[in-house]
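Every number in this text was worked out from the coordinates using simple rules, so none of it is lab data. All values derive from a computational prediction rather than experimental measurement. We place every Cβ from the backbone using ideal geometry, glycine too, and count neighbours over all the protein chains shown.
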């Protein structure tokens with residue numbers, strides 16, 4: 001049964017009742033309390049202090065149980081017990097079971113405000129509760145008071161909040177950088193969004209996270225081929241990414257080199273997908289790069305669009321037009337695919353077409369492997385070895401074509417893996 005949101009306390013119980021009583025308050029400051037305690041082993045276990053009969057709490061004098069001292073009814077608490085001999089010092093078991101407690105709280109008290117007090121219990125119990133609390137987004141609390149020795153606080157301790165912002169911020173920095181190093185810019189942006197939305201940051205920290213968010217967003221858009229939007233997002237932080245801006249400006253320009261740069265960007269994009277072991281995605285990009293090079297050359301030099309060729313266009317060699325006469329539509333328009341585009345370039349006596357013909361066997365072998373991949377027309381998964389061979393062949397071909405055409409184009413840098 002789902003109950004209305006409440007204030008929940010999850011508290012570890014050790015050998016002393018007083019800190020737990022102080023944490024709960026008299027009367028109780030919480031609607032429901034989960035006691036994390038030990039069982040078995042007679043008086044070595046802490047569960048009897050929670051609700052044992054008589055006077056189980058022993059300090060300067062014997063006192064009733066914790067729930068009796070604070071006036072907590074049976075319907076307002078639950079004991080989560082661990083065997084005193086086998087489990088209370090086993091961090092793995094404690095962590096696993098306390099994650100189950102966190103899930104139970106989410107289901108029973110959706111939207112509840114939860115505080116985890118880790119003052120009592122074994123060190124492993126406290127450590128497990130802190131780990132689970134951090135993952136669950138609970139507030140942390142520990143009892144503090146005046147110390148008279150290095151052993152323990154003797155009396156008068158009170159529960160105080162534990163500052164977690166610094167921890168969360170540092171952890172999120174690590175998550176952000178881990179995502180960035182794997183070219184996972186969308187995840188890096190999500191981490192930045194969560195940090196800005198949930199943490200109380202200083203003005204300096206907030207400004208930095210906004211900057212990091214913009215950079216992650218910009219490169220994620222770039223990685224997804226939204227070049228114009230990427231340029232718009234990255235311009236305000238251009239000083240941080242100035243090494244990459246000239247390349248992005250080419251990708252968004254009307255200059256004739258732009259499409260050649262897009263071809264190179266597809267190959268770099270393939271490298272990023274391969275780094276993520278997404279080899280089917282990688283070879284799809286390599287295939288598109290090879291196709292785009294032919295399309296670009298036909299458009300840039302001959303003003304021919306592979307998707308809209310006219311059977312009556314005398315710029316196209318007669319032999320090529322005759323070959324496609326039966327495939328043209330009623331308006332005399334036909335289109336050609338990748339290999340046919342290079343064949344057309346060869347018939348037009350273009351060096352790119354001749355280079356393709358000289359490497360035809362190697363290139364067709366790579367295209368055959370692509371055609372039988374899951375993301376093309378077949379059922380064969382692509383492994384690292386296949387990707388590497390295809391990458392070497394296609395990148396080598398593109399490199400040679402750019403050199404032969406004497407284009408003033410240099411390979412751009414790979415997108416960043418760190419800030």
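Please give the helix 338-347 orientation as an angle from the longest Cα principal axis of the chain, in degrees from 0 to 90, rounded to the nearest 10. Approximately 30 degrees, to the nearest ten. Can you grab the distance from the C-alpha centre of the stretch 77-118 to the C-alpha centre of the stretch 250-274, Å, no decimals? The stretch 77-118 and the stretch 250-274 have Cα centres spaced 52 Å from each other.
Taking the C-alpha atoms only, the angle from helix 123-136 to the longest principal axis of the chain is near 50 degrees. Length gained on full extension, residue 74 to residue 308, computed as 0.36 nm times the residue gap minus the Cα-Cα distance: 76.4 nm. Ranked by how many other Cβ atoms sit within 10 Å of their own Cβ, fewest first, the residues 85, 51 fall in the order 85, 51. With neighbours defined as other Cβ atoms within 10 Å of a residue's Cβ, the residues 368, 87 order from fewest to most as 368, 87. Seen from a random direction on average, the alpha-carbon convex hull of the stretch 7-162 projects onto 8.8 square nanometres. Note the listed values (i) 27, 57, 16, 0; (ii) 30, 62, 7; (iii) 20, 33, 23, 18, 6, 0, then indicate which one is P(r) over Cα pairs in 20 Å bins from 0, in percent calculated from this particular structure. Checked against the structure: label (iii). Placing a pseudo-label 7 Å from each Cα along the Cα-to-Cβ vector at residue 324 and residue 113 gives an inter-label distance of 7.0 nm.
Taking one equal scatterer on every alpha-carbon of the stretch 254-404, how large is log10 of I(q)/I(0) by Debye at q = 0.13, 0.16 1/Å? Log-scaled intensity ratios, in q order: -0.62, -0.89. Rounded to the nearest 10 degrees, the inclination of helix 360-371 to the longest alpha-carbon principal axis of the chain is 40 degrees. Tally the DSSP beta bridges in the chain and give the antiparallel ones as a percent, rounded to 5. The antiparallel fraction comes to roughly 30 percent. In this label model, residue 362 and residue 170 are separated by 5.2 nm, measuring between points 7 Å along each Cα→Cβ vector. By the count of neighbouring beta-carbon atoms within 10 Å, fewest first, 308, 210 end up ordered 308, 210.
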